[in-house]
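Have a look at the structure below before the remarks.
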Amino acid sequence: MPNNTDDHSDDEDLITKSQVKREAEALKQLGREIYELPKKKRDKLPLSNTLITAFEEADRISNLNAMRRHFQYVGKILRETDVDAIKRAIEALEISPISHQRNDARLEDLIEQLLTTGSKANEKLIQEHSQLNRQQLNQLIRNASHSEKTIEENKAPGPHKALPASPARKKLKRYLKENLGEF
């Protein structure tokens, strides 16, 4: 009596032609996505020299059929590279602006807290982050606070419009961003 379990496990290991075609098409699509990224973002990806050269060559191709064939070549190159590392790098590039906005919002909240609550907030901040220079931080807070009060006093009555950040507030923000890093 033949053993059917061995035949079944061999079937699971076989990859169909359709599966191979789907994987090749996915790699071509990934190649197009990478190519369509702005050059500055593409330069941040872990691409091999062969891929970089292939993308530079794609810049020179104007015929659509030639471009289609070229991306088949790019897909072939991608089969031999670490695609997962490239995908992770692309995801990190896409997430980066979102995290930057969050950090910026947290920094603005911190600045608002420093300007409204005064010395209690900056003492707590200095205790949490010993790399901050107490004297410089206090001076920046005083300048920003004074500048904000001056802007408020000189504001014309009427509809409340968002005022641009004062230069002193921008200096405080820059100082905190440089010294706190990822906040």
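Any read-out appearing in this document is the output of simple, stated calculations on the displayed coordinates, not a laboratory observation. Source: prediction; values computed, not measured. Note: ideal-geometry Cβ built from the backbone for every residue, glycine included; neighbour counts use all protein chains shown.
A few points about this structure:
- Among the GluC sites (Glu not before Pro) in the stretch 60-159, those located in a DSSP loop and surrounded by at most 14 other Cβ atoms within 10 Å of their own Cβ are Glu80.
- The lysines within cross-link reach of Lys177, meaning a Cα-to-Cα straight distance under 22 Å and a gap of 8 or more places when in the same chain, are Lys120, Lys124.
- Taking a ≥ b ≥ c as the square roots of the eigenvalues of the Cα gyration tensor, the stretch 16-81 is classed as oblate, since a/c reaches at least 1.5 and a/b does not exceed b/c.
- Phi-derived couplings, Karplus 6.51 cos²θ - 1.76 cosθ + 1.60 at θ = phi - 60°, listed residue by residue for the stretch 16-23: 6, 4, 4, 5, 4, 5, 4, 5 Hz, with x used for Gly and Pro.
- Lysines whose Cα lies under 19 Å from that of Lys17, excluding same-chain neighbours fewer than 8 positions away: Lys28, Lys76
- Least to most buried among Ser130, Ser48, Ser145 (fewest other Cβ within 10 Å first): Ser130, Ser48, Ser145
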